Amino acid sequence: MLRAGDSVPLELGGEARVTAVLGSGGQGTVYRAEFAGKEYALKMYFPNKLRRPDIFRENLARLTEEKNEDAAFLMPRLLTAKTESGFGFLMDIIPPEYKPFSDILNARVRFSGLYSVVNSAIRITKAFRSLHNNGKSYQDMNDGGFFIRPEDGDVLICDCDNIAPYGEHLGIAGKPGYMAPEVVRGEKAPDKYTDRYSLAVVLFRLLLRGDPLEGSRVLKSVCLTEEAERRHYGFEPIFVYDPNDDSNRPVRGVHNNIIKFWKIMPDYIREAFIYSFTTGLFEPQKRLIEKQWLDLLIRLRGDITACPCGAQGFFSTAETDDEGKLVCPCGKHYPKPLVLSGGKSGVLLFDGARLFDDDVNVIGEVVRNKLNPGLWGLKNLSSQAWECTLPNGTEKEVPPNSAAPVFVGTKVTIGENAFVMEE
């Protein structure tokens, strides 16, 4: 163990000075350290805990040289020199506004709203799409690797030292509950197909706050031993909402989150999870690819609506009354919102609704006229002017920080995308 004040030589010269211990795990210890006037996280390994330390270090060196990964990944920056006490690397430190995914799952941290929840799912999926497109796999996806900013859903991904090119395996299998069944059974080393299974688990836990394979059947194992885990997650996995097998349904009082959120998820999301945890359990090459998930998640973001009370939900699963008005759990009945349709996905127009680019960057927001709150507009939060055509044919430019009026039939052109206000 290093102490505050200890120095660690770096392979390319200079030394990193340890200032504090951040945490310790099975592979090593993470410290806060200073180098060249900047703070970093320093991870030092226990060499006797690595199956093939030389190969592991070679991969680390390769990762420090490659700069083409998605910005969400906190990649190794600088490799330490190899000494008798081991080796490690420096990476960027995680800002305090990013919270552990585990804290979100345990309800210690809450998202600011549904936009942030869905944005985090989109951000994670985009990052792994980039990684797989670069011919690599992550190999150890679990709740400990993600840090999320709950205000807007931005994501940072750590534990990137196990990333390796296809065909290479560094000895890490993964965390129970996240590993693909074939990895649990010991039939296969992690690769992009097992990553895709783990991604489906992460998305399920993020959107429904529960384990997709833990239901009544698993609860019968009073003590979830290693043997029981191998059975439930590897040899006899059953999705909690398998349409052909109800033996592992969620238990009320234990799996309340899954029961609650499954009801409000749109059909296209439920169908994606059913496919992922039935066909996808046993046929790795048929698992949903990242592009398929992105299309579904962007559609889900465009499905968000809100009651005047502020409560958010999904339009396609909202309760309606005999007049077609939406019914909020607060008891209010409110008209269906206008739809700004176009681009990859439209957006439902309600007070505070947001329009995004292809990622999670806000480019527009629904606002009320300060002088007449009954009039709404779409404020331009992008860096470019929009073109707006009103229902009477009048054309106007909408510069940044100004708003286009919201009327049925209004057309707004943003870059290459044209949007139209519809009922």
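No value in this document is a laboratory result; all are computed from the given coordinates. From a predicted model like this one, the values you see are computed outputs, not experimental measurements. Cβ atoms come from the backbone with ideal geometry, glycine included; neighbour counts cover every protein chain shown.
Among Lys67, Lys136, the ranking by other beta carbons within 10 Å of each residue's beta carbon, starting with the fewest, stands as Lys67, Lys136. Put the Cα centre of region 331-409 next to the Cα centre of region 60-107 and the gap is 39 Å. If you take all other residues with their beta carbon under 11 Å from the beta carbon of Ser137, and give Lys and Arg +1 and Asp and Glu -1, the sum is -1.
Close amide H pairs (under 5 Å, H built 1.01 Å from N) link Arg185 with no residue at least 5 positions away or on another chain. Each label point was placed 7 Å from the Cα along the Cα-to-Cβ direction; for Arg3 and Glu283 their separation is 6.1 nm. Neighbours of Glu387, meaning other residues whose beta-carbon lies under 14 angstrom from its beta-carbon, give a summed charge of -1 when Lys and Arg score +1 and Asp and Glu score -1. Amide H contacts of Val251 (H built 1.01 Å from N, in plane; Pro and chain starts excluded): Ser216 sit under 5 Å, all sequence-distant by 5 or more or on other chains. Within the same chain, lysines fewer than 8 places from Lys370 are excluded, and of the rest, those with a Cα less than 27 Å from its Cα are Lys325, Lys332, Lys336, Lys379, Lys396, Lys411. The gain in end-to-end length when the Glu15 to Glu422 segment is fully stretched comes to 140.4 nm, 0.36 nm per residue minus the alpha carbon separation. Counting only DSSP H runs of at least 4 residues, each contributing -39500 (n - 2.57), and dividing by the residue count of the chain, the helix-based mean residue ellipticity at 222 nm comes to -7000 deg cm²/dmol. Each of Ser198, Ser130 was scored by other Cβ atoms within 10 Å of its Cβ. Arranged with the fewest first, they read Ser130, Ser198. Of the residues His132, His232, His333, the one with the fewest other Cβ atoms within 10 Å heads the list, and the complete ranking is His333, His132, His232. Note on Lys370 and Asp103: with the Förster distance fixed at 30 Å, the Cβ-Cβ geometry gives a FRET efficiency of about 0.20.
Setting aside same-chain residues fewer than 8 positions from Lys67, which lysines have a Cα under 22 Å from its Cα? Straight-line reach from Lys67, under 22 Å: Lys38, Lys43, Lys126, Lys136, Lys192.
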